[in-house]
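In what follows, a single structure is set out as structure tokens and then discussed.
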Amino acid sequence: MSERPLFERLVHDLKGPLSPLQTAAYLLRRPELPEERRVELAETIERQSRRMAGMIEELGDWVRAQEGRLVNRLRPVEVQMLLDLAVGSVAGCATQADVTPELDGAHLEGDEGRLVQALSSLLGFAQWRSSQPPGLHAWREGTRLLIEVADNGDPPDDAAALLANPLAEPYDLGLGLRLVVAEAIVRAHGGTIDAHALAPGLAFRIALPLSSA
């Protein structure tokens, strides 16, 4: 996608929360408004403000990804803890990570917050695509950690495009950039991420270098 259509779409999407915010602010000025309606409008303002804040944060991450500034702090990250934090950060996710025994105590050097962000984006997308909990599997292959996030939703027409272009239908009422940012996070850690259509479903597979120590 060229920059101009992308920016036009981002501007359009960022305007989404503005209309309910402006309407709620206008109505709250009416002195005759009943208290229960005031509470509803206040909740609308809070909800749409959180949505806009998330959009701005998402756009900021995308800009930092373009400039190679996403990952700043590298320290040992335990694999099991990383997976548990990612699952816990996705609301309503009932997934249990399947981790092979050879990964017990295994670590990688990385930015824990960013790695959790990348995995939770994949899990959130997989959860949105299917009524069943996403599959989450991790195993070791030589000096690499492999992580797979899979669902049983409809196979996408172009799986690879999910990691390269904004989603046409964002799963979280955001800007549709979360998977693009997730790919940039993995790449910034010296890893790779691929998307594969299944029958049925979709699988993301991440490969990251493990710490030698």
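Share of the chain's accessible area from carbon and sulfur, percent, 1.4 Å?
Of the solvent-accessible surface of the chain, carbon and sulfur hold 52 percent.
Go through region 1-95 and name the trypsin sites (Lys or Arg not before Pro) that are in a DSSP coil and have 10 or fewer other Cβ atoms within 10 Å of their Cβ.
Values: sites: 9, 15, 29, 37, 38, 47, 50, 51, 64, 69, 73; in loops: 15, 29, 69, 73.
Within region 1-95, the qualifying trypsin sites (Lys or Arg not before Pro) (loop, at most 10 other Cβ atoms within 10 Å) are 15, 29, 73.
Could you bin all the Cα-Cα distances of region 10-56 into 10 Å bins starting at 0 and give me the percent of pairs in each, rounded to whole numbers?
So the P(r) values, bin by bin, are 27, 48, 20, 5.
Could you estimate the translational diffusion coefficient of region 114-165 from the Stokes-Einstein equation, with Rh from the Kirkwood formula over C-alpha pairs, at 4 °C and 1.567 mPa s, in whole µm²/s? Each step should come with its number before you reach the end.
Values: Rh = 12.3 Å.
Reported coefficient: 106 µm²/s.
Could you tell me the center-to-center distance, by alpha carbons, between region 82-97 and region 155-206 in angstrom?
18
Relative to the longest principal axis of the chain, what angle (0 to 90°, nearest 10) does the C-alpha long axis of helix 3-14 take?
Once rounded, one gets 60 degrees.
Quick one: angle between helix 178-188 and the longest Cα principal axis of the chain, in degrees between 0 and 90, rounded to 10, please.
40
Note the listed values (1) 1.24; (2) 1.04; (3) 1.16, then indicate which one is Cα Rg over 2.2 N^0.38 Å calculated from this particular structure.
(3)
Just the accessible area per residue of region 37-154, please: how many Å² with a 1.4 Å probe?
52
Counting pairwise Cα distances across region 29-76, what percent come out greater than 11 angstrom?
So the pairs more than 11 Å apart make up 74 percent of the total in region 29-76.
Using Cα pairs under 8 angstrom and six or more residues apart, how large is the relative contact order of the chain, in percent?
Values: 336 pairs, mean separation 42.9, N = 213.
20 percent.
When all C-alpha to C-alpha distances in region 88-213 are sorted into bins of 10 Å, what percent of pairs does each bin hold, rounded to whole numbers?
13, 46, 34, 7, 0
Which order do 112, 32 take when ranked by solvent-accessible area (1.4 Å probe, heavy atoms of all protein chains), largest first?
Numbers: 112 50, 32 125 Å².
Final ranking, largest accessible area leading: 32, 112.
Could you work out how far helix 112-129 tilts from the main Cα principal axis of the chain, as a 0 to 90 degree angle to the nearest 10?
It works out to around 70 degrees.
In debye, nearest 20: dipole of region 95-166 around its Cα centre with unit charges on the Cβ of K, R (+) and D, E (-)? Walk me through the numbers before you get to the answer.
Details: 4 positive and 12 negative charges, 20 e Å.
In total the dipole reaches around 100 debye.
The values are calculated or read from the model by the stated rules, or taken from the named source; none is laboratory data. Every value quoted in this text rests on a predicted model; they were computed, and no experiment measured them. Ideal geometry is used to build each Cβ from the backbone, glycine not excepted, and the neighbour counts take in all protein chains shown. Keep in mind that these areas ignore ligands, DNA and RNA; they rest on the heavy atoms of the full protein, side chains included. Shrake-Rupley method; radii C 1.70, N 1.55, O 1.52, S 1.80 Å.
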